[in-house]
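What follows is a short report on a single structure.
What follows draws every value from the coordinates through simple rules; no lab data is involved. The shown structure was predicted, so the numbers you read here are calculated from the model rather than taken from an experiment. Because the Cβ atoms are built from the backbone with ideal geometry, glycine has one as well, and the counts that use them run over all protein chains shown.
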Amino acid sequence: MKWLVLLGMLGALVLWFAGRSASAGEVPQPGQAAPDFNLPDQNGRMHSLKDFTGKWLVLYFYPKDDTPGCTEEACAFRDDLMQITKLGAQVVGISVDDTSSHAEFAKKYHLPFPLLADKTTDVAVRYGALSDWVLFKFAKRYTFLIDPHGKINKVYTKVETSRHSKQIIEDLHKLQAGNRT
């Protein structure tokens, strides 16, 4: 019986520690400069924030390649990519998976946009999007809409994977309509 109590206490301690370490970095807010990055995509090509100057950037963090929610979100971006591109925006995904995992994921689902490998987790930390559970780390499902000047315009920390790309399209329409008035 004592070992059950001890095991319970150990479990509580692990959960407490994991919960404390799960909040790495502050989430940048609208109006702030987007944190820079320089990461390889699924093809080994390097991408940095300055590559997207002059365009809107949909920078979305996701937990893991080829999992149900991440696949749904990526495929929705793929299916809506033409509309997003017509609005002057580009889509880029980031997770802490490696480039070979990204390559398999992109190939399997015909994803035509870059998936960046943040193996060191530095970029996820700078965007406040890292979940660190001691034994494993993954990116939180956060999206940042970055304006053509490199400033955060909108932050999405509660993402519904089935309709997130539609939400981005709606917001881009609103933002661009606001710029014309």
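Listed by chain and number, the lysines whose C-alpha is less than 20 Å from the C-alpha of K108, apart from same-chain residues fewer than 8 away, are K64. Given [x] 17.2; [y] 19.1; [z] 19.5, which label gives Kirkwood radius over Cα pairs in Å as computed from the coordinates? From the options [x] 17.2; [y] 19.1; [z] 19.5, the structure gives [x].
Near T121, no amide H atom lies under 5 Å from its own; only residues 5 or more places off or on other chains count, and H is placed 1.01 Å from N. Taking amide H as placed 1.01 Å from N in the peptide plane, the amide H of K154 sits under 5 Å from that of L145, each at least 5 places away or on another chain. The C-alpha atoms of the chain define a longest principal axis, and helix 99-109 lies at about 60 degrees to it.
Taken one residue at a time, the phi angles of region 59-72 give Karplus couplings (6.51, -1.76, 1.60, θ = phi - 60°) of 9, 10, 9, 9, x, 7, 4, 6, 10, x, x, 5, 5, 4 Hz. Gly and Pro are set to x. Here the Karplus relation 6.51 cos²θ - 1.76 cosθ + 1.60, evaluated at θ = phi - 60°, turns the backbone of region 76-84 into coupling constants of 5, 4, 4, 5, 9, 4, 4, 5, 5 Hz, with x for every Gly and Pro. Annotation note: chymotrypsin sites (Phe, Trp or Tyr not before Pro) in region 107-181 located in DSSP loop regions with a Cβ neighbour count of at most 10 within 10 Å are F136.
Candidates C75, L59, S95 compared by Cα position along the dipole of region 2-180: farthest toward the positive end lies L59, with charges placed on Cβ.
The spacing between region 23-63 and region 128-158, judged by their C-alpha centroids, is 9 Å.
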